[in-house]
Every structure is written in structure tokens, then in C-alpha cells.
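A short worksheet on the structure shown next.
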DNA sequence: ATCGGCTCGCGCAA
DNA sequence: TGCGCGAAGCCGAT
């Protein structure tokens with residue numbers, strides 16, 4: 001089922017009666033549980049037209065490097081194969097995504113269907129296309145379990161304010177998506193770039209190659225293998241094991257979700273069917289926390305800036321901006337994991353080597369950088385830079401929210417203390433109390 | 001080992 | 001207008 005609230009007409013009009021339906025893929029790089037794809041298939045069948053797809057591959061995506069592009073290209077490789085099995089040919093074209101979509105539409109689109117991403121740039125791409133297209137454009141939301149605008153129309157203050165709104169709605173949206181066979185097939189649709197060998201194509205792209213690919217394979221096939229493994233082997237222990245950075249207890253699905261290779265609906269339905277406390281904990285992360293980050297980037301004009309943090313948090317940090325810092329490090333020293341703190345260095349190395357830092361360590365990692373930089377603004381910029389450079393899912397809405405949390409976003413005040421003011425403080429004592437931090441340090445030793 | 005206090009602002013009850 | 005309470009904590013008192 002495709003809920004009406006998922007579908008938004010961005011450019012109204014009557015579809016042409018000839019040509020093809022065009023699916024402009026931006027966010028949903030998959031065929032399973034992709035509402036935009038299924039909507040496009042139904043529209044093509046209704047209009048008795050074929051369906052084709054296009055992806056604009058921009059080498060200029062802000063902050064993206066070889067680590068990110070490798071994962072994206074693996075996703076496109078799988079997408080082309082999986083769409084072909086649905087009789088939908090995919091073209092991958094180098095260039096600005098909305099321009100690529102506009103040019104493809106110019107070849108005879110009756111109607112353009114697209115999906116939804118939640119960053120400023122993705123919104124601007126859609127707006128750019130709306131202004132120039134001369135056929136209808138429909139967006140179908142599939143990266144959120146519940147459409148962002150349905151959950152809330154304003155910036156939520158914290159998880160506790162968005163949670164009841166989500167819980168009220170989620171049973172209406174946690175419903176399977178049925179598929180239809182495409183009736184008409186387009187045979188003459190140029191495929192553009194060859195994505196069968198992502199490594200080869202990656203080398204030719206004029207991007208930042210200084211960060212190598214991470215340690216996990218991208219793409220829809222790997223995503224579903226990982227999901228199955230997670231549900232059968234890890235979900236039962238998830239509620240407790242996910243908080244221990246020395247064991248493999250987290251889902252590792254975040255990057256697949258970020259690149260649209262895994263539908264959050266697929267993951268949510270699989271977890272709910274399995275049940276238990278692990279499923280509850282996972283659905284909290286997958287739906288409540290994830291939609292809270294979409295809410296932040298959608299309803300906050302400065303979601304990626306220090307100035308966008310809550311007023312109480314900025315005020316208290318600025319009151320303490322003149323407090324003495326025992327250690328200060330440059331961005332390069334942090335990047336190279338060259339601090340006096342072996343636990344911090346271990347976390348940094350886990351991230352640079354694998355593309356993932358354990359969630360609990362990420363909080364500690366962020367809090368320490370507040371202590372070790374001259375001003376909170378510099379701490380914010382450094383953390384965001386490090387996160388977006390090395391994390392496989394960097395530049396996801398959860399990147400800005402995760403870094404923002406370190407500075408008090410979606411959190412509450414605590415005891416006043418130097419440097420932090422009333423923003424929550426963390427220290428290595430907590431790591432020692434909660435788990436075997438020495439083991440973690442050994443796991444990620446130099 | 002466990003517990004209360006720290007501190008702000010939202011949202012609901014009244 | 002008052003009141004309860006909140007993603008992951010810390011610290012000192014018992």
C-alpha cells in the first residue's frame with residue numbers, strides 16, 4: 001500500500017499520453033520497498049507507457065570522498081541489475097542531478113516521479129527541477145517510515161516530544177508495499193556510465209581520493225544480507241549489547257539506510273515480526289531517533305551550523321568560552337588520532353579505518369573535543385568535518401543531530417562545570433564503569 | 001552498590 | 001500557573 005500522505009505533487013498537470021514515465025532516483029537506490037518505484041510502475045501501467053530511470057552522479061557533492069562514492073557506486077551497480085529484473089532500464093549520467101533529470105525528461109517524459117531526501121541540497125534540487133520541467137513532477141516519500149510532515153510540522157524539542165506523535169501513527173504506516181509487474185518495456189534507453197565495476201569507475205571520478213573505502217560493501221544485496229543476519233543473530237541481544245563498543249552488537253545498517261539501499265520499512269517490518277525487547281529498542285532507533293533527525297534538517301534552517309543549536313546551550317557554552325583548556329589540538333592532530341587519550345584515539349581510529357564509530361564512543365569522542373578546542377564553535381566545526389569525512393554515513397541528517405547532541409541538542413542541562421557550562425559532561429570514568437574500555441583500546445590500537 | 005541533586009523548558013493538567 | 005520529567009552522566013554521600 002502507498003499511503004496518500006507519501007505522495008506530493010510538486011508540479012501539477014496532466015501527464016502526456018506518449019513517451020515514458022521517468023523515475024528520477026535521488027535517495028532510494030533500491031528496488032525493495034521503494035514507494036517511489038512502485039508508484040512509478042503503477043502510473044506507467046495506468047498510462048500504458050514504459051518506465052525508465054535516471055540517476056545523476058555529481059562528482060561535486062559537498063564533503064563527499066572516495067569512501068562515500070565507492071559505497072554509492074556499489075549501490076548503483078545493484079540498482080541497475082535489480083531494476084533490469086523489473087524491466088526498468090537505469091541510466092547513470094555524470095552531472096548535476098536535477099540537470100540530468102531535466103535532460104532525461106526532455107527525451108519524452110510523460111510524467112516524472114522522484115523520491116525524497118531530507119537535506120537542504122536535495123530540497124534545492126527538487127525546486128530547481130520544478131521551475132524548469134514542463135510535465136508533472138510527483139515526489140513519493142520512502143526513506144521515512146512515516147512521512148516527515150505527517151509526524152510534525154515544527155522543530156521538535158527532544159525525543160520525548162516527537163515519540164508520542166510517532167507512536168500514534170506508526171501502525172498506519174508499518175504496512176507492506178505490494179509490487180506490480182510493468183506492462184510495457186522500454187528497450188531503447190541508454191545506460192550511460194558503466195557501473196558494473198565500481199572500483200574502476202571510482203578511479204576516474206574527479207573527487208577527493210584521500211579517504212579510502214570503508215570495510216563494508218555497499219548495495220542492496222549486501223544490505224539485505226546484513227539485515228537478515230542482524231535479525232536472526234543479533235536482534236535478541238540488541239537492547240543490551242548495542243551499548244558495548246567491545247562487542248559486535250549494533251545493526252551496522254545506518255550506511256545502507258543513508259544511501260537508500262535499505263528501506264527503513266523493510267527493516268522495521270522484519271524487526272517487528274521477530275519481536276522482543278531487542279525489536280523495541282531497534283524500532284526506537286530506526287523510527288523515533290531517525291525521524292527526529294529528519295525533523296531537525298527539515299524544520300530547522302540552520303541545521304548544519306553551530307548557530308542552529310538551542311539557545312540555552314549556546315549561552316552556557318559561551319559563558320564558559322574563556323575557561324582554561326588543559327589540552328588543545330588542531331584539526332589535523334585530531335584527524336591523525338594524536339591526542340594524550342588512548343580511548344579517544346581508539347575511537348578515532350575505529351572511524352577512520354572502518355567508516356563507523358561505536359555510538360557510545362561517539363558521544364565521548366565529541367565531548368572531549370569540546371574540552372580540547374579553544375572555542376565551542378571550533379569544536380563543532382572540527383567534529384562535523386571529522387564525522388563527515390570518515391563516517392560511511394556522513395552528511396546524513398543523523399550526522400548533524402549526533403554532533404549537535406554533543407552540544408546539548410535534544411538533551412537537557414546538567415550540573416554546571418568548567419568549559420561545558422550546563423551541557424552534559426562525560427569522562428573516561430564512565431567508559432571504565434560501563435565496559436572493558438582497555439579491551440576497546442587494544443582492538444583499535446595503532 | 002545505590003541515590004539524590006544538578007538545570008532548563010516543553011507539554012499537559014488544572 | 002504548576003508540575004513532572006527527560007538518550008546514554010557525574011559526583012559526593014550513604
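Screening residue A:409 with (1) crowded, with 21+ Cβ neighbours inside 10 Å; (2) within 25 Å of the chain's Cα centre (by Cα); (3) more than 20 Å from residue A:337 (Cα to Cα); (4) more than 11 Å from DNA strand C (Cβ to nearest atom) gives one miss only, at (4). Of all residues in segment A:225-237, none are touching a residue at least 12 places away in the same chain (Cβ under 8 Å) and within 16 Å of DNA strand B (Cβ to nearest atom).
In segment A:242-253, the residues that are free of Cβ contacts under 8 Å to residues at least 40 places away in the same chain reach residues that are within 15 Å of DNA strand C (Cβ to nearest atom) with C-beta atoms within less than 6 angstrom, at least six apart or across chains, in these pairs: A:247/A:241; A:249/A:241; A:249/A:242. The requirement of being touching a helix residue (DSSP H, G or I) at 6+ places or on another chain (Cβ under 9 Å), within 30 Å of residue A:376 (Cα to Cα) and surrounded by 15 or more Cβ atoms within 10 Å (Cβ to Cβ) is not satisfied by residue A:278. Would you say residue A:380 is within 16 Å of DNA strand B (Cβ to nearest atom) and either in contact with a strand residue (DSSP E or B) (Cβ under 8 Å, 6 or more places away or on another chain) or under 30 Å from residue A:143 (Cα atoms) (or both)? No. Of the residues A:394, A:404, A:408, the single one that is within 16 Å of DNA strand B (Cβ to nearest atom) and part of a loop (DSSP other than H, G, I, E, B) is A:408.
The condition of being within 30 Å of residue A:199 (Cβ to Cβ), touching a helix residue (DSSP H, G or I) at 6+ places or on another chain (Cβ under 7 Å) and surrounded by fewer than 22 Cβ atoms within 10 Å (Cβ to Cβ) holds for only one of A:82, A:103, that being A:82. Annotation note: of A:441, A:445, the sole residue that is away from DNA strand C (no atom under 13 Å from the Cβ), loosely packed, with under 13 Cβ neighbours inside 10 Å and either touching a residue at least 40 places away in the same chain (Cβ under 8 Å) or over 15 Å from residue A:380 (Cβ atoms) (or both) is A:445. Applying the set (1) within 16 Å of DNA strand C (Cβ to nearest atom); (2) crowded, with 17+ Cβ neighbours inside 10 Å; (3) closer than 25 Å to residue A:222 by Cα to residue A:256 leaves exactly one unmet item: (1). Any residue in segment A:279-292 that is closer than 12 Å to residue A:145 by Cα sitting within a Cβ distance under 7 Å of a residue that is modelled with pLDDT under 95 and part of a helix (DSSP H, G or I)? List the pairs, counting only those 6 or more apart or interchain. Once the first residue is closer than 12 Å to residue A:145 by Cα and sits in segment A:279-292, its partners that are modelled with pLDDT under 95 and part of a helix (DSSP H, G or I) give A:287/A:170. The set of residues from segment A:106-137 being within 27 Å of the chain's Cα centre (by Cα) and at positive phi is empty.
Looking at segment A:434-442, is at least one residue in contact with a strand residue (DSSP E or B) (Cβ under 8 Å, 6 or more places away or on another chain), closer than 16 Å to residue A:343 by Cβ and within 16 Å of DNA strand B (Cβ to nearest atom)? Within segment A:434-442 (the criterion being in contact with a strand residue (DSSP E or B) (Cβ under 8 Å, 6 or more places away or on another chain), closer than 16 Å to residue A:343 by Cβ and within 16 Å of DNA strand B (Cβ to nearest atom)), the answer is no, since none of the residues qualifies. Within segment A:259-278, the set of residues being within 15 Å of DNA strand C (Cβ to nearest atom) and free of Cβ contacts under 8 Å to residues at least 40 places away in the same chain comprises just one member, A:277.
Test residue A:357 against the criterion of being buried (at least 17 other Cβ atoms within 10 Å of the Cβ) and either on the phi > 0 side of the Ramachandran plot or not in a helix (DSSP H, G or I) (or both), and give yes or no. Against the criterion (buried (at least 17 other Cβ atoms within 10 Å of the Cβ) and either on the phi > 0 side of the Ramachandran plot or not in a helix (DSSP H, G or I) (or both)), residue A:357 qualifies.
The values are calculated or read from the model by the stated rules, or taken from the named source; none is laboratory data. What you see is a predicted model; the values in this text were computed from it and never measured. No Cβ is skipped: glycine too gets one built from the backbone with ideal geometry, and neighbour counts run over all protein chains shown.
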